[in-house]
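Colleague: Quick one: the structure is below, and I'll ask about it shortly.
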Amino acid sequence: MTSQRDPDTVNLRLILVSGKTQDFNFSPNDSATDIARHVFENWPAGWEEESVSSPSILRLIFQGRFLHGNVTLGALKLPPGRTTVMHLVARETLPEPNSHG
């Protein structure tokens, strides 16, 4: 997890329900759980109104689907060195994974 753009990292632009955005850089090996923990521990200034009590309720949505905790950015085949947009929401539980892909 780096702060500068690196051709080997995945840049994620996270969007809150409020529409606020923030960019973060992650390794392709980072999982959805790793990302939630990092964002929680480095909560951006300006997101104070949306702060949460625990990283475990932060959920990522990519292409309309919730990402389960162990899914890595590499498994999603996100292109390193490019910006990918995901939504970040606070939600206690996730729907069960869809067996159809």
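The values are calculated or read from the model by the stated rules, or taken from the named source; none is laboratory data. As the structure is a prediction and not an experimental result, all values here were calculated from the model. Cβ sites come from the backbone with ideal geometry, for glycine too, and all protein chains shown count toward neighbours. Keep in mind that these areas ignore ligands, DNA and RNA; they rest on the heavy atoms of the full protein, side chains included. Shrake-Rupley method; radii C 1.70, N 1.55, O 1.52, S 1.80 Å.
Colleague: Of the numbered conditions (1) farther than 17 Å from THR84 by Cβ; (2) open to solvent by less than 70 Å² (accessible area, probe 1.4 Å); (3) not aromatic (Phe, Trp, Tyr), LEU14 fails exactly one; give the number of that condition.
Modeller: (1) is the only condition that LEU14 fails.
Colleague: Moving on to the next point. Would it be correct to say that ARG59 is in contact (Cβ under 8 Å) with a residue 60 or more places away in the chain and either basic (Lys, Arg) or more than 29 Å from PRO7 (Cα to Cα) (or both)? Step through it out loud before you land on a result.
Modeller: Details: in contact (Cβ under 8 Å) with a residue 60 or more places away in the chain: no; either basic (Lys, Arg) or more than 29 Å from PRO7 (Cα to Cα) (or both): yes.
Criteria not met by ARG59.
Colleague: When segment 55-77 is examined, which residues are found to be out of contact with any Lys or Arg (no Cβ under 8 Å at 6 or more places or on another chain), farther than 20 Å from GLY19 by Cβ and not in a loop (DSSP other than H, G, I, E, B)?
Modeller: Scanning segment 55-77 gives SER56, ARG65, THR72.
Colleague: Among VAL39, VAL89, VAL52, which is open to solvent by less than 40 Å² (accessible area, probe 1.4 Å), in a loop (DSSP other than H, G, I, E, B) and at pLDDT 90 or above? Don't jump to the end; show me each part of the working.
Modeller: On the way: VAL39 fails: in a loop (DSSP other than H, G, I, E, B); VAL89 fails: in a loop (DSSP other than H, G, I, E, B).
Of the residues listed, the single one that is open to solvent by less than 40 Å² (accessible area, probe 1.4 Å), in a loop (DSSP other than H, G, I, E, B) and at pLDDT 90 or above is VAL52.
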